[in-house]
Amino acid sequence: MLAADPGASIASIAAEAGVDRRTVYRRFASREELLAAVYKARLEAIERAIEDARLREAPVAVALHRYVENIIGVNRTWPVDLARMLADDEVRARRDASILEVDAFLRRATDEGLLRPDAPAGWAGALLPQLMHLASRQLPDLSAARAADLVVDTLVRGLGST
């Protein structure tokens with residue numbers, strides 16, 4: 001609901017969840033506290049997705065697919081914009097650490113020949129989240145695994161070394 005309407009009220013969120021707004025207020029003192037919990041859950045899911053992909057250890061193609069599949073799952077489960085929480089220093093630091101981890105992986109993918117080295121610096125890191133976002137939102141009937149197949153194929157054929 002927050003993805004469709006970031007300004008949704010506690011009352012409308014409670015109604016959508018099938019509970020009274022007092023129930024929501026027992027758990028969250030304010031709308032901002034509720035939003036912080038949603039964004040924190042999304043951020044934690046992203047961190048688990050990165051960890052599960054084993055970007056440093058797994059073979060590059062395997063890690064890439066696992067990462068993309070995991071993030072598509074996160075995007076579908078938590079379809080809210082994390083950028084709204086970047087005013088919080090801790091959240092920003094955790095998000096930046098995640099981005100650095102993925103960027104290091106994409107350099108590894110280039111070094112190991114999966115992605116071509118002549119692409120502009122940072123291009124794969126800018127393109128991959130957009131492809132995952134598109135697959136998450138525009139292909140809801142595809143499983144996360146099939147959507148990941150499409151994203152990885154698009155990325156590798158577009159930026160692949162062959």
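The values are calculated or read from the model by the stated rules, or taken from the named source; none is laboratory data. If you're wondering where the values come from, they're calculated on a predicted model, not measured in any experiment. Glycine also receives a Cβ, built like all others from the backbone with ideal geometry; neighbour counts cover every protein chain displayed. Just so you know, the surface numbers come from the protein's heavy atoms only, side chains and all, with ligands and any DNA or RNA stripped out. Shrake-Rupley method; radii C 1.70, N 1.55, O 1.52, S 1.80 Å.
Observations on the model:
- Exactly one residue out of Glu44, Glu32 is acidic (Asp, Glu) and at pLDDT 85 or above, and it is Glu44.
- Qualifying residue in segment 60-70 (condition: over 14 Å from Ala145 (Cβ atoms), open to solvent by less than 40 Å² (accessible area, probe 1.4 Å) and under 11 Å from the mean Cα position of the chain (by Cα)): no
- Look at (1) surrounded by fewer than 14 Cβ atoms within 10 Å (Cβ to Cβ); (2) touching a helix residue (DSSP H, G or I) at 6+ places or on another chain (Cβ under 8 Å); (3) closer than 29 Å to Val151 by Cα; (4) hydrophobic (A, V, I, L, M, F, W, C) and you find that Ala93 fails only one, number (2).
- Residue within segment 143-162 that is open to solvent by less than 90 Å² (accessible area, probe 1.4 Å), modelled with pLDDT of 95 or more and part of a loop (DSSP other than H, G, I, E, B) present: yes
- Among (1) open to solvent by less than 60 Å² (accessible area, probe 1.4 Å); (2) touching a helix residue (DSSP H, G or I) at 6+ places or on another chain (Cβ under 8 Å); (3) within 15 Å of Asp81 (Cβ to Cβ), the one test that Val38 misses: (2)
- Verdict on Val102 being modelled with pLDDT of 95 or more and in a helix (DSSP H, G or I): yes
- Leu106 in contact with a strand residue (DSSP E or B) (Cβ under 9 Å, 6 or more places away or on another chain), more than 17 Å from Leu2 (Cα to Cα) and either open to solvent by 20 Å² or more (accessible area, probe 1.4 Å) or among the polar types (S, T, N, Q) (or both): no
- Enumeration of residues in segment 71-90 that are open to solvent by 70 Å² or more (accessible area, probe 1.4 Å), within 15 Å of Ala41 (Cα to Cα) and without any contact (Cβ under 8 Å) to a residue 24 or more places away in the chain: Glu90
- Out of Glu33, Glu44, sole residue that is without any contact (Cβ under 8 Å) to a residue 24 or more places away in the chain and closer than 18 Å to Leu100 by Cβ: Glu44
- Positions within segment 68-97 being farther than 18 Å from Val152 by Cα and among the polar types (S, T, N, Q), in sequence order: Thr77
- Per this entry, Ala121 is not counted among residues that are in contact (Cβ under 8 Å) with a residue 24 or more places away in the chain and over 30 Å from Ala37 (Cβ atoms).
- Of all residue pairs spaced 6 or more apart or on separate chains, none has beta-carbon atoms under 8 Å together with a first member in segment 10-22 that is at positive phi and a second member that is among the aromatic types (Phe, Trp, Tyr) and part of a helix (DSSP H, G or I).
- In segment 8-35, residue nearest to Val80 (Cα to Cα) [restricted to those that are in a helix (DSSP H, G or I) and of a type in the set (Val, Ile, Thr)]: Ile13
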